[in-house]
Amino acid sequence: MSISAYRVCRRIHGRLDGEGARRFGGRWNSPGRPMVYLAESPALAVLENLVHMSRQDYPTGYVVIAATIPDHVRVLDETFVRASAAAGEQTSQAIGDYWFDARMSAVLRVRSAVIPSDFNYVLNPLHLDFAQIVVAEPILFRFDERLFDIE
C-alpha cells in the first residue's frame, strides 16, 4: 500500500528539493545535506509548523503539498538505521546523516518530536528512487485563526 505524506509550508518553499534543510540543517540532517521533511497527515504537518512559529503574527501564503510514496520505494524506519549505524554518535542528526550518506533508501520514517506516537518522513532527493515519489500540486492552506488568538 502506498504512503501519503504532507508538507505545509510557505508557497515560496513549495519545491520539495531539500534546499532549506541543506542550507540550515534540521532535526535529521546537518547543513550541507538536502532533505525533505513531510508528515503522515496534514494535521501533523500543521503542528510541526506551529512549534516553530510566533503566535503574534498570523501566517499567510501557506500551501499544503501531498506526496505519494509508491509501494516499490523502500522506506526504512529510524530504528533500523540506528541499529545499522556505528555505536558511537546516535543523535538524530548523526543517524540522518548516516542514512543520507549511505544512500540507504529514498525515505526514512521517523517519530515526530511533537507527537511521538505519530510519524514524519524524511526524503533524500539525491537517492535514485526519489524520482518515483509522486508530488501533487500545492493547494492553498489557511491556518485556523483560533490557533493564533486572532479576533
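Rule-based calculations on the coordinates, nothing more; no lab input. Predicted model, so just to flag it, every value in this text is computed and none were measured. Heads up, the Cβs are rebuilt from the backbone with ideal geometry, glycines too, and the neighbour counts pull from every protein chain shown.
Helix 92-102 and the long axis of the chain differ in direction by around 60°, with both axes built from C-alpha atoms.
A straight line joining the Cα centroids of the stretch 67-113 and the stretch 8-64 runs 19 Å.
I'd like the FRET efficiency for R142 and D71, computed as 1/(1 + (r/R0)^6) with the beta carbon distance as r and R0 of 41 Å, rounded to 0.05. In this case the efficiency is close to 0.80.
Scaled against the 2.2 N^0.38 Å expected of a compact globular protein of N residues, the Cα radius of gyration of the stretch 38-99 reads 1.53.
Calculation over all alpha carbon pairs of the stretch 1-86 in 5 angstrom steps from 0 returns a P(r) of 3, 12, 17, 24, 22, 13, 5, 3, 1 percent. Most tightly packed first, judged by the mean number of other beta-carbon atoms within 10 Å of their residues, the peptides 23-30, 53-60, 118-125, 9-16 read 118-125, 23-30, 9-16, 53-60. Here the 3J(HN,Hα) profile of the stretch 56-62, calculated from phi with Karplus coefficients 6.51, -1.76 and 1.60 at θ = phi - 60°, is 7, 10, 6, x, 10, x, 9 Hz, Gly and Pro shown as x. Amide H contacts under 5 Å for D77: R109, restricted to partners 5 or more places along the chain or on a different chain, H placed in the peptide plane at 1.01 Å from N.
Placing a pseudo-label 7 Å from each Cα along the Cα-to-Cβ vector at V134 and T60 gives an inter-label distance of 3.5 nm. Here the chain was treated as a single set of alpha-carbon atoms; its pair distances binned every 5 Å from 0 give 2, 9, 19, 22, 21, 14, 7, 4, 2, 0, 0 percent.
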